[in-house]
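One structure below.
The values are calculated or read from the model by the stated rules, or taken from the named source; none is laboratory data. Quantities reported herein were computed from a predicted structural model and do not represent experimental measurements. When we count neighbours, we look across all protein chains shown, and the Cβ atoms used for this are built from the backbone with ideal geometry, even at glycine. Quick note on the areas: whole protein, heavy atoms, side chains included, nothing else; ligands and nucleic acids left out. Shrake-Rupley method; radii C 1.70, N 1.55, O 1.52, S 1.80 Å.
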Amino acid sequence: MADRPRRIVVAITGATGATYGVQLLKRLGATPGVETHLVMSDAASLTLHQELGLQRRDAEALAHVVHRNRDIGASIASGSFQTDGMVIAPCSMKTLAAVAHALSDNLVTRAADVMLKERRRLVLMVRETPFNLAHLRNMTAVTEMGGIVFPPLPSFYQRPATIEEMVEHTVDRAVDLLGLDNALAPRWGGMKSAPDA
């Protein structure tokens, strides 16, 4: 691994929360020794534009390598291409279902299947609420296969002042789950004071 950068696959699907994928690409792009491989679903382009006013090319410009979702022959579709993890941010329920059932019908789901079969880190930032039973069963299946289901739920103990701070905190946690050094992430040091009795 010393001969190559740490390769992280970032997938963006059409679920709400495109900002998580964009911020993850920015954070990983600023991390020395990391090479990002981006793949986006067709619906991701719609969500990027609706939520952030961005075009597909804007997100692609943040990645080191870009793959087309229909390119099932891409490097990241093979376990022999060494990668160090993958995050689907955000992960739609359709993508979750495809991963849970190993459908591998596009590059996002094939790359995720590669992560699971090669026992590499796979983080799914699933977006839906409330969950129905099929969603819960699919999350259980992915967890049983070794994936990490990580809904991007905001935390409030750091007292975020903006949506951007909440997104950045969630992205920092995703980077932690990949096992990457992340000096920018604020760390919990315990309660600063106790409440009045």
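Give a residue-ordered list of calculated ³J(HN,Hα) values for segment 23-28 (Karplus: 6.51 cos²θ - 1.76 cosθ + 1.60, θ = phi - 60°; whole Hz; x for Gly, Pro).
After applying 6.51 cos²θ - 1.76 cosθ + 1.60, I find 5, 5, 4, 5, 5, 5 Hz.
Suppose accessible area is computed on protein heavy atoms with a 1.4 Å probe; arrange Asp58, Asp196, Asp172, Asp42 from highest to lowest.
Working: Asp58 60, Asp196 150, Asp172 10, Asp42 85 Å².
Greatest to least solvent exposure: Asp196, Asp42, Asp58, Asp172.
Can you tell me, using C-alpha contacts under 8 Å and at least 6 residues apart, the relative contact order of the chain as a whole percent?
Relative contact order, the chain: 21 percent.
Grab the other residues whose beta carbon is less than 14 angstrom from that of Thr83, score K and R as +1, D and E as -1, and report the net.
On the way: positive: Arg4, Arg6, Arg7, Arg110, Lys117, Arg119, Arg120, Arg121; negative: Glu35, Asp84, Asp113, Glu118.
Net of charged neighbours comes to +4.
Please work out whether segment 25-82 counts as rounded, prolate or oblate from its C-alpha gyration tensor, where a ≥ b ≥ c are the square roots of the eigenvalues and a/c under 1.5 means rounded, while otherwise a/b larger than b/c means prolate and anything else oblate? Please list the in-between numbers first.
Numbers: a/c = 3.10, a/b = 1.26, b/c = 2.45.
Oblate shape, in that a/c is at least 1.5 and b/c is the bigger or equal ratio.
If exposed means no more than 12 neighbouring beta carbons inside 10 Å and the site is in a DSSP loop, what's the longest run of the chain without any exposed trypsin sites (Lys or Arg not before Pro)?
Values: sites that count: Arg70, Arg119, Arg187, Lys192.
That gives 1-69 as the longest site-free run.
Could you tell me how far the Cα centroid of segment 66-108 sits from the Cα centroid of segment 155-170, in Å?
Value for the Cα centre distance between the two parts: 29 Å.
Tabulate in residue order the Karplus-calculated ³J(HN,Hα) for segment 40-45, using 6.51 cos²θ - 1.76 cosθ + 1.60 with θ = phi - 60°, rounded to whole Hz; enter x for Gly and Pro.
Each residue of segment 40-45 in turn: 10, 6, 4, 5, 4, 4 Hz.
In sequence order, what are the phi-derived ³J(HN,Hα) couplings for segment 135-143 according to the Karplus relation 6.51 cos²θ - 1.76 cosθ + 1.60 with θ = phi - 60°, rounded to whole Hz, with x for glycine and proline?
Listing the rounded values in order: 4, 5, 5, 5, 5, 4, 4, 5, 5 Hz.
Tell me, what is the per residue accessible area of the chain in Å², probe radius 1.4 Å? Don't skip to the answer; put the middle values down first.
Details: 10330 Å² over 197 residues.
So the chain comes to 52 Å² accessible per residue, rounded to a whole number.
With each pseudo-label sitting 7 Å past Cα toward Cβ, what's the Ser80-Arg159 distance in nm, one decimal?
5.6
Out of residues 5 or more away from Glu35 or on other chains, whose amide H comes under 5 Å of its own, with H placed 1.01 Å from N in the peptide plane?
Amide H neighbours of Glu35: Arg6, Arg7, Ile8.
Checking the a/c ratio against 1.5 first, then a/b against b/c, what shape does the Cα gyration tensor give for segment 6-178?
Taking the square roots of the gyration eigenvalues as a ≥ b ≥ c, segment 6-178 is rounded.
State whether segment 116-180 is rounded, prolate or oblate according to the following rule on the C-alpha gyration tensor (a ≥ b ≥ c being the square roots of its eigenvalues): a/c under 1.5 gives rounded; otherwise a/b larger than b/c gives prolate, and the remaining case gives oblate. Could the numbers behind the result be given before it?
Working: a/c = 3.51, a/b = 1.42, b/c = 2.48.
The shape class here is oblate.
At a 1.4 Å probe, what is the % contribution of carbon and sulfur to the accessible area of segment 6-178?
Working: 4120 of 8020 Å².
Answer for segment 6-178 is 51 percent, counting heavy atoms of protein chains only.
Quick one: which residues, 5 or more positions from Asn69 or on another chain, have an amide H under 5 Å from its amide H? H modelled 1.01 Å from N in the peptide plane, none for Pro or chain starts.
Amide H neighbours of Asn69: Met40.
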